[in-house]
Amino acid sequence: SGQSDSMDVQTGPQIEDDRTGFSIETLRRAIADNLYYIQGKFPEIATQYDYYMALAYTVRDRILHRWINTVKTYREQDVKVVCYLSAEYLPGPHLGNNLVNLGIYPQVEQAVRASGLDLNALLAEEEEPGLGNGGLGRLAACYMDSLATLEIPAIGYGIRYEYGIFDQEIRDGWQVEITDKWLRLGNPWEIPRPENAVDVKFGGYTESYTDDQGHYRVRWVPHQVVKGVPYDTPISGYRVNTTNTLRLWKAEAPESFDFQAFNLGDYYGAVDTKITSENLTKVLYPNDEPIQGKQLRLEQQYFFVSCSLQNLLKIHLLREDPLETFADKFAIQLNDTHPAIGIAELMRLLVDEYLINWEIAWDITQEAFAFTNHTLLPEALETWSLELFGRLLPRHLEIIYEINQRFLDQVRLKYLGNTDKLAQLSLLDERRGKRIRMAHLACVGSHAINGVAALHTELLKTGVLRDFYELWPEKFSNKTNGVTPRRWMVLINPRLTQLISRNIGESWIKQLDDLRQLAPLANDPSFCHEWRQVKRAVKQDLADYIQTTQGLTINPDSIYDVQAKRFHEYKRQHLNVLHIVTLYNRIKHNPEIEMTPRTFIFGGKAAPGYRMAKLIIKLITAVGDAVNQDPDVCDRIKIVFMPDFNVTNSQRIYPAADLSEQISTAGKEASGTGNMKFSMNGALTIGTLDGANIEIREAVGAENFYLFGLTAQEVADLKASSYNPRAYYDSNAALREALDLISSGYFSHGDGSLFQPLVEGLLHHDPYLVLADYQSYIDCQDSVGQAFQDQETWTRTAILNVARIGKFSSDRAIREYCQDIWHVDPVHIKLEEYVQAKA
Ligand code: H53
């Protein structure tokens, strides 16, 4: 054995020890050792999963060394820490990403081969933590990656759901939900920290008392107490030592709580308390936006926020810092309104538990918190009924009343006698049966408020948050979303990564703007040829996967036209289907028609209770069944529904796409992040002027982007002038024919009623203007089909897309948050010698 052959990682003094060494032989021995001592297996009976675990622990050991040094450094240097509060995280499988970040992918590949195994097979064994629904949770994971890579001290706080987002199966063309038992075989990436458990109170009542100094105080007498146990997962940065913590809370019964019942012989009652406590973090609510206003959901939100804030205060006091400096040491980001209750909770902790006076506590709170809004859908803005809220969190209700009163006093001074303003700004919605508006609480309690794309931020300022913008314009800023190129390029598209790095070096992986150096190569025929070969190989991989998993043959020379995202009417998967049916009709009318072959690929889950979204899935699979078997068309059109779209499965899809469908109704998609992942992998976009599409188009150049549809302003105007979808149906023969074919039962074995709700909804309501955008979409798709015929130009355009996509790195987004909102700086982590560190 000897030194590692890749010393890219700043490893410090290296001891070639089985837990830290990077040489192939050391890694091989460590895997064998872990198989024996962790899995308790010998090779003859070991499963692939056992080997995955043995490898995961091997990699974890190398990370632990860095993690411990990181935690130590943060403690010793009294640094300011970013605290990202998010009810959802979708980190995806950890193993591959950690290999990339540590820079040990090649060595591990060889060590695994030397053990007679295949790294890809082991990577495939990992169950991903599906602790989120979609964009919001995945954004949190990208941001954790960038924070570590930029060496910013950060903790991500969230919930350790025992069951993550359901697994999707397709049966008879319908979505079926299967519970996600992701922890069944153990999780090598987490370390439980029961010694850091905290208690969280629920229900009961409040009472006032006068303390020794004669101060009026309030105490909360809860009905129930739940214990929060933290589980920590290391988040490594790319080729830096920084390894931050993702701390997820699990609910348990407090040991002592029902001892009385136990002593009295009420064994069942005591166990019952345990069961109800553990229910709290049992399952992720499977709604993307809007979320469901259930009591258990509010309990989850309060639970993880209270655990996290108590934890922060504990860390702060351990550092022997005075409470007054709390906001100098922690920047707390609210990922949407889900953790907004944290504002009332920090006030409660400071005022009731740490006996700080209200004004000082309020200054600390406002200085510490910042709020990201992620949606414009009015129905997605969270509110809670006073009745439910007061029953669960009686003290927080009082605190919110107090915050509101002081806030409205301020508003009254500014808008003398304007009662409309008061009603519009109030934390309480007095109309809809008295509800607490969490977005208003988040705005009032934060020093910074941001949207997630330029258009979205502008629409916030003129729409849902306009009154707050008028009051505090200086609080508002835009932070366009970004995604991490480590996972979304390097890990998932090694062929493209190698091609790029061979030509422009590796700096782009940390400085994505360096991809600009690819631009001149778009005119280099041999580079373009290699690019095409890479794309072709990646498309073949996906074709092979679809062949194996679904028995469906697709043509890798066809356009891979992909729409992969949650199902929602505003995302308009049904507009995509209308295009497919239109092409189908064209071929049926004229079987000899010239048409660029296309493979339409769909992926995505529907919220289990969202009937229309599930019906759209059924429509796609039904059209697929007809089209894929029809000998007239199946050489030109194929339809694939990829079941169970999650991080793992998405990683096969983005690299293979030629065309990325970003076709939401303008003004509805806050940002989108899948749009960025497709572009980074060389797909061209067909899209509306919505969310980050606008900025992607600006970046890559209008001539390299397929734009169609109404603008957000035109959408608003059309809706204001009583939109009549039926008129589009009446005047457009191809549209009429497509809708009529669906209504006729052609795709549903003659059952004309199956898709009626969908078709009738479009004809009579069409809230997302599918029919209004239909012709524009079809025309645009026709030009895409034409353009694909010219592979040279297409490739050049794809290369330019990648060359100009640098802005959409989450590193850029995180740098902006650091500068404008958090005011935090990088902290370099040096590795202490291992032996010394252990001593
Ligand atoms: O957040 C993404 C955006 C996307 C938006 C999404 C989102 C959720 O996934 C869930 C709730 C919510 O309010 C918003 O729909 O446009 O890209 C990250 O910002």
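Remarks
- Against the list (1) within 16 Å of the ligand (Cβ to nearest atom); (2) in a helix (DSSP H, G or I), the condition Val112 fails is (1).
- Among (1) more than 16 Å from the ligand (Cβ to nearest atom); (2) more than 22 Å from Val784 (Cα to Cα) - the single one Ala670 does not satisfy: (1)
- Condition check for Leu376: within 33 Å of the chain's Cα centre (by Cα) and closer than 21 Å to Lys475 by Cα: yes
- When the residues of segment 724-779 are filtered to those that are among the hydroxyl-bearing types (Ser, Thr, Tyr) and part of a helix (DSSP H, G or I), the one that is nearest to the chain's Cα centre (by Cα) is Tyr777.
- Segment 675-699, residues that are touching a Phe, Trp or Tyr at 6+ places or on another chain (Cβ under 8 Å) and near the ligand (Cβ under 10 Å from one of its atoms): Met676, Ala692
- Segment 124-137, residues that are surrounded by 24 or more Cβ atoms within 10 Å (Cβ to Cβ), within 15 Å of the ligand (Cβ to nearest atom) and not in a strand (DSSP E or B): Gly130, Gly132, Gly135, Leu136, Gly137
- Residue in segment 784-806 that is at pLDDT 95 or above, among the aromatic types (Phe, Trp, Tyr) and either more than 23 Å from Gln662 (Cα to Cα) or not in a helix (DSSP H, G or I) (or both) present: no
- Being away from the ligand (no atom under 16 Å from the Cβ), polar (S, T, N, Q) and in contact (Cβ under 8 Å) with a residue 60 or more places away in the chain holds for only one residue in Ser426, Ser446, and it is Ser446.
- Failed criterion for Leu90 (all others in (1) without any contact (Cβ under 8 Å) to a residue 24 or more places away in the chain; (2) touching an Asp or Glu at 6+ places or on another chain (Cβ under 9 Å) hold): (1)
- Of the residues making up segment 579-595, those that are of a type in the set (Val, Ile, Thr) and under 17 Å from Val770 (Cβ atoms) are Ile580, Val581, Thr582.
- Count of residues meeting criterion [small (Gly, Ala, Ser) and within 16 Å of the ligand (Cβ to nearest atom)] in segment 356-394: 2
- Condition broken by Arg297, with the remaining ones in (1) among the basic types (Lys, Arg); (2) away from the ligand (no atom under 15 Å from the Cβ); (3) within 18 Å of Tyr89 (Cα to Cα) satisfied: (2)
- Being over 27 Å from Ala251 (Cβ atoms) and either assigned by TED's automatic domain parsing to the domain that holds Lys668 or touching a helix residue (DSSP H, G or I) at 6+ places or on another chain (Cβ under 6 Å) (or both) holds for only one residue in Ala331, Ala340, Ala327, Ala344, and it is Ala327.
- Enumeration of residues in segment 279-305 that are touching a residue at least 60 places away in the same chain (Cβ under 8 Å) and assigned to a helix (DSSP H, G or I): Gln295, Leu298, Glu299, Gln300, Gln301, Tyr302, Phe303, Phe304, Val305
- Residues of segment 159-178 that are free of Cβ contacts under 8 Å to residues at least 12 places away in the same chain and either in contact with a Leu (Cβ under 7 Å, 6 or more places away or on another chain) or not in a strand (DSSP E or B) (or both): Asp172 alone.
- Residue match in segment 148-158 (condition: modelled with pLDDT of 95 or more, part of a helix (DSSP H, G or I), buried (at least 21 other Cβ atoms within 10 Å of the Cβ) and touching a Phe, Trp or Tyr at 6+ places or on another chain (Cβ under 9 Å)): yes
- Residue that is charged (D, E, K, R), within 27 Å of the chain's Cα centre (by Cα) and surrounded by fewer than 19 Cβ atoms within 10 Å (Cβ to Cβ), where the choices are Lys807, Lys719: Lys807
- Screening Ala361 against (1) part of a helix (DSSP H, G or I); (2) surrounded by fewer than 20 Cβ atoms within 10 Å (Cβ to Cβ) leaves a single unmet condition, (2).
- The strands (runs of 3 or more DSSP E) located wholly in segment 415-489 that include 3 or more residues which are surrounded by 23 or more Cβ atoms within 10 Å (Cβ to Cβ) occupy 448-451.
- Qualifying residue in segment 390-408 (condition: in a helix (DSSP H, G or I), within 22 Å of Ser477 (Cβ to Cβ) and in contact with a helix residue (DSSP H, G or I) (Cβ under 7 Å, 6 or more places away or on another chain)): yes
- Residues that are more than 15 Å from Gly228 (Cα to Cα), among the hydroxyl-bearing types (Ser, Thr, Tyr) and crowded, with 16+ Cβ neighbours inside 10 Å, drawn from segment 268-288: Tyr285
- Some residue of segment 526-544 being outside any helix (DSSP H, G or I) and closer than 21 Å to Gly674 by Cα: no
- Of residues in segment 220-265 being crowded, with 18+ Cβ neighbours inside 10 Å and small (Gly, Ala, Ser), the one modelled with the lowest pLDDT: Ala253
- Answer residue from segment 625-667, given it is part of a helix (DSSP H, G or I) and over 20 Å from Val490 (Cβ atoms) and is farthest from the ligand (Cβ to nearest atom) among those: Gln629
The values are calculated or read from the model by the stated rules, or taken from the named source; none is laboratory data. Model, not experiment: these values are computed from the prediction. Cβ sites come from the backbone with ideal geometry, for glycine too, and all protein chains shown count toward neighbours.
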